[in-house]
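Below: the structure, in structure tokens.
The values are calculated or read from the model by the stated rules, or taken from the named source; none is laboratory data. Note that the coordinates shown come from a computational prediction; the quantities given were computed from them, not determined experimentally. Because the Cβ atoms are built from the backbone with ideal geometry, glycine has one as well, and the counts that use them run over all protein chains shown.
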Amino acid sequence: MLLVTAALLAACAGQQSTPAPDTVVQKAPQSEYRRLLAEAFALSFTLDFDRLRAAYVASPEYNPRGGMEVAGLPEAYQSVQEGDFDRCLGHLDKVLEENYMSLEAHMIGIVCSSREGHFDREDSHRYMVEGLMASIERSGDGRTQESAFRTISSSELRGFVRLKGLQVLDQSVVYDDHGVYDKMQVRDPESGDEYALFFNVSQQFASEVSAQRDN
């Protein structure tokens, strides 16, 4: 009798642990951007930032502006100027929740994290800055339209110029058969040299035009 009871209990337990076919929830496949972003969160040494940026552009989360239009970024800059680095990090949390690819946000994050002694967070911001900057620099040298740096958002472009320590003297948009470019006349404060830098902004330009048509 005891053996029969034990067998029945085991059978019931087995039945309860197996969900009915119609209760099984299928998870949506993870996007390429989200998969690569998970590697970025883990500070992966093997992450391909070129692929990450391309996947971001191809994703529904892509923001071609990705800069001052994102809530929290102007406030983060203001907090740095006021020396309130803890408040700065709070604003950056909002920015990065909406757009983790903001080069400007990670650039500011290095400063604020360091001043607040959050060194793990500083490492995360530095990882993103170095990876994004290296990816942009691999795309060209910026000295001609043919060899223009490829940027995917206004935040990338602005952050890149600031991290290079360059002063922007003038900015204009130029076109050719191959794309749309931001032409920036810049000055190197250390050497005093002035020269033009070209940024291929075709991807964000096309995205903005498409968004305007949809509206």
Matching residues, region 152-170, being at pLDDT below 95 and farther than 21 Å from residue 110 by Cα: 152
Answer residue from region 106-121, given it is of a type outside the set (Lys, Arg) and under 15 Å from residue 41 (Cβ atoms) and is surrounded by the fewest Cβ atoms within 10 Å (Cβ to Cβ) among those: 120
Helices (runs of 4 or more DSSP H) wholly inside region 79-150 that include at least 1 residues being touching a residue at least 40 places away in the same chain (Cβ under 8 Å) and polar (S, T, N, Q): 119-138
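Among the residues of region 204-215, are any under 30 Å from residue 85 (Cβ atoms) and either crowded, with 20+ Cβ neighbours inside 10 Å or touching a residue at least 24 places away in the same chain (Cβ under 8 Å) (or both)? Outline the logic, then answer.
Quick first cut of region 204-215, residues under 30 Å from residue 85 (Cβ atoms) only: none.
Within region 204-215, none of the residues are under 30 Å from residue 85 (Cβ atoms) and either crowded, with 20+ Cβ neighbours inside 10 Å or touching a residue at least 24 places away in the same chain (Cβ under 8 Å) (or both).
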Checklist (1) part of a helix (DSSP H, G or I); (2) of a type in the set (A, V, I, L, M, F, W, C); (3) modelled with pLDDT under 95; (4) within 17 Å of the chain's Cα centre (by Cα) applied to residue 205, failing item: (4)
Only listed residue being within 29 Å of residue 207 (Cβ to Cβ), in contact with a Lys or Arg (Cβ under 6 Å, 6 or more places away or on another chain) and of a type outside the set (D, E, K, R), chosen from 72, 109: 72
Residue in region 123-144 that is over 14 Å from the mean Cα position of the chain (by Cα) and farther than 21 Å from residue 182 by Cα present: yes
Residue match in region 155-162 (condition: more than 23 Å from residue 42 (Cα to Cα) and over 16 Å from the mean Cα position of the chain (by Cα)): yes
